[in-house]
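First up is the structure itself, then whatever we jot down about it.
Bear in mind that the values in this text are calculations on the coordinates, not laboratory data. No experiment lies behind these values; they were computed from the predicted model shown. Reconstructed Cβ throughout: ideal geometry from the backbone, glycine too, with neighbour counts over all protein chains shown.
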Amino acid sequence: MRLLSNRYFVGSLSAVFALGFLGLLGWAGKAWNDSRLPGSFNAMDMGVLDYGGGRPQNHGRHPQVGVDKITGPREGKADFRIMLTAAETPDAWAFNGSVPGPEIRVRQGDLVEVTLVNKDIDEGVTIHWHGVDVPNAEDGVAGVTQNAVMPGEDYRYRFNADQLGTFWYHSHQVSSKQVRRGLYGAFVIVAREPPPPNAIDETAIIHDFDGKPALNDQRGVERRRVEPGTPVRLRIVNSNGSPERVTLIGVPFRVVGIDGTDVNRPTPIEGRTIELGGGARYDLAFTMPEVAVRLGVVDGRAAYSFSADGTTDLQPPPRLPVFDPSSYGEPRESVFGGRAFDRHFVMRIGKKIGFMDGRPGRHWSVNGKIFPDTPMYVVTEGDFVKMRIVNDTGAVHPMHLHGHHALVLTRNGEPTTGSPWWVDTLNVLPDEQYEIAFQADNPGLWMDHCHNLPHAADGLTMHLMYEGVSTPFRIGGKGENHPE
């Protein structure tokens, strides 16, 4: 009897394990199937609707406005017009045959017209105006605001350059690949008043070529002759996905702009490293002294050396403390001062074991969900919005919200105390958290994603959706729209 009991127990235990294993297989199969993306899909059909504590306002009572109708001015003579041709070159993909592409420099208030021509990029191209709060149809995101421009096709962007500062442009079709291969350039909006006749105002884009950082196309030291007393403004753009650091030595300097927004009453600093997250921009200004000045990329050879004789250079400095924008400059009243917020959102970035589009692994997650179940943040035009961003991972995430600039309120629970710190790309370090605020004043369907573009391609992508707005475009499918 005891032998029979033991056999019965072992058999029962085996049956339980077998049923459990079959159940696990069934769960895994369902999770795998549920994670698979369709051949094409509308971005608005994906994600978990998050109203941030507010209530839906439309309820289907009013017709939807398509993002393709939210355009810049269609009529009127453009103040600035350029054609950008995307094409393969022997060493890269390029706009108008150069990497970076041509710098576009316009005056504040100009009506800008850019015609994109795709000569031979088989997978298609677009142009996204990074940091420029354009009307939604001009945002250049394949499958969200337009279809990718295929070989032999062209597309026209028109918008008013209402902001003032340093921005950049890049393809937002397979962007994790196309930006790296060279489809990017600087976009600068300057004041209508002319600068002093002897002033130097230059842009330097940091970009990795074969793993080595360059300033524009310069991978070594470029020496410049500059007369003492000359006002100099250097506009630094990080086109890479990972943070980049630069040093400016030989002279006290001011940080006069961050992400295309002027800093209020900046003061001279020196002995600081400037850290730029992926996609971010910093404007540095100084008056040329009698001695040499050096702008250099940390851990790289690329540098600009300025001197009165055009030959003198300085040695790279030792490690310097990193500049902190949260306490720099002087405070100034903002539009958010003392008012209640209409929406409160949370973006908690983590890692989760599961499936993404049928691929098993430990994937990026937002609020515990893996793409395409990441949040769809829903707002109504005019809302004042607060968002808490929490990075629970060991990676750096430069979070980029299209179509808006956000005011940084707190970092790790501590309020910012300096000049209003406005960003469109916020570099969130491991275990950091921020509170930011913005006004929902630019209707559309906007990407909100990590600008470490491989992270975005691997699922660290969300959208900000205005009620009453829809998109006719589809990601994937016949049009082969692949924004990341």
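With label points built 7 Å along Cα→Cβ from the Cα atoms of residue 341 and residue 417, find their separation and express it in nm. In this crude spin-label approximation the distance works out to 2.2 nm. The packing ranking, built from the mean of other Cβ atoms within 10 Å per residue, places the peptides 137-143, 426-432, 120-126 in the order 137-143, 120-126, 426-432, highest first. Relative to the longest principal axis of the Cα atoms of the chain, helix 2-35 runs at roughly 40 degrees. Charges were assigned to the Cβ only: +1 to each Lys and Arg, -1 to each Asp and Glu. The resulting dipole of segment 79-190 about its Cα centre is roughly 180 debye. Residue order for 404, 207, fewest other beta carbons within 10 angstrom first, comes to 404, 207.
Relative contact order, whole percent, for segment 79-190 stands at 34, derived from Cα pairs under 8 Å and 6 or more residues apart.
Scoring 348-360, 279-291, 99-111 by mean Cβ neighbours within 10 Å over their residues and listing the highest first yields 279-291, 99-111, 348-360.
With the gyration tensor restricted to C-alpha atoms of segment 107-169, the semi-axes of the equivalent ellipsoid amount to 23, 12, 10 Å, longest first. The dipole here belongs to the chain: it is taken about the Cα centre, uses +1 on the Cβ of Lys and Arg and -1 on the Cβ of Asp and Glu, and is about 1320 debye. The ellipsoid that matches the Cα gyration tensor of segment 80-132 has semi-axes, each √(5λ) in whole angstrom, of 22, 11, 10, with the longest given first.
Taking Lys and Arg as +1 and Asp and Glu as -1, the other residues whose beta-carbon sits under 14 Å from that of residue 346 total +1. Per-residue packing, averaged as other Cβ atoms within 10 Å, sorts the ranges 328-334, 469-475 into the order 469-475, 328-334, beginning with the highest.
Taking the empirical scaling 2.2 N^0.38 Å for compact globular proteins as reference, segment 200-323 has a Cα radius of gyration ratio of 0.97. Computed over neighbours whose Cβ is under 12 Å from that of residue 86, the net charge equals -4, Lys and Arg +1, Asp and Glu -1.
With contacts taken as Cα pairs under 8 Å and at least 6 residues apart, the chain reaches a relative contact order of 18 percent. For segment 79-190, the spherically averaged projection of the C-alpha convex hull amounts to 5.9 nm². Projected label points at residue 223 and residue 265, each 7 Å from Cα along the beta carbon direction, are separated by 4.2 nanometres. Over the chain, dividing the summed -39,500 (n - 2.57) contributions of all DSSP H runs of at least 4 residues by the number of residues returns a 222 nm mean residue ellipticity of -3000 deg cm²/dmol. Measuring nothing but alpha carbons in segment 349-433 and taking Rh as the Kirkwood radius, the Rg to Rh ratio lands at 1.01.
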